[in-house]
Amino acid sequence: MLAPEVPMSHSVAGEPPSAGRRAAPLTTAVYSAAEWDLLTSLPARVLVAAAAPGAGRPERGVLAGLAGLDAVAAGRGFDSDLVRAVVAAIYARHDGAPAPAERLTDLVDLLVACRAAVRVLHQRADPADSAAYRQWVQSVAARVCRAVPGPDGRPASPADRRFLDRLGDALGLG
């Protein structure tokens, strides 16, 4: 099976290309099928992990799941060809809905996957696309954890804040 070729570009000024025109690609990255699967499955895995109850973490309701799905869909508006391509791939699966996380894994496995994605992005992606992807994935978890915020607007539980901190570190955002 041939790996999908995914051109990545980011405008020099950080602005989206003009309507109907694409900015000239600054870099082009070709991901293997395994790398592309990692990048396209990670947002759903993060959403599932963020929504899962755990020690010190509250059980999430439908509102949290919807917040996570909304955060995934928000990637369509990012100024990153990589993020938009990942969102398009997620929504192109099956009936247009995001694929459920196929691998319900524990936090350690998720953090390992995040670090692997960071390595792939470091090797193959434009730095701006890499940063946008990592921030977008973090935003999926943050929106799930903040679906029922504490009084200061931050996640209500200290365990949620620790989860987001560990996720940010694994994504190279810490």
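Here are a few things to note about the model shown:
- The set of residues from segment 50-64 being small (Gly, Ala, Ser), part of a loop (DSSP other than H, G, I, E, B) and at pLDDT 70 or above comprises Ala52, Gly56, Gly61.
- Residue in segment 123-135 that is modelled with pLDDT under 95, assigned to a helix (DSSP H, G or I), in contact with a Pro (Cβ under 7 Å, 6 or more places away or on another chain) and not hydrophobic (A, V, I, L, M, F, W, C) present: no
- For segment 84-104, the criterion of a residue being over 23 Å from Leu69 (Cβ atoms) and either modelled with pLDDT of 95 or more or aliphatic (A, V, I, L, M) (or both) is satisfied by no position.
- Looking only at residues of segment 147-174 that are open to solvent by 10 Å² or more (accessible area, probe 1.4 Å), part of a loop (DSSP other than H, G, I, E, B) and at pLDDT 85 or above, we find that the one that is farthest from Leu63 (Cα to Cα) is Gly172.
- Meets criteria (modelled with pLDDT under 50, open to solvent by 40 Å² or more (accessible area, probe 1.4 Å) and not in a strand (DSSP E or B)) for Glu15: yes
The values are calculated or read from the model by the stated rules, or taken from the named source; none is laboratory data. In this text the structure is predicted, and so the values were computed from the model without any measurement. In this analysis, Cβ positions are derived from the backbone assuming ideal geometry, glycine residues included, and neighbour counts consider all displayed protein chains. The area values use the complete protein model at the heavy-atom level, side chains included, leaving out ligands, DNA and RNA. Shrake-Rupley method; radii C 1.70, N 1.55, O 1.52, S 1.80 Å.
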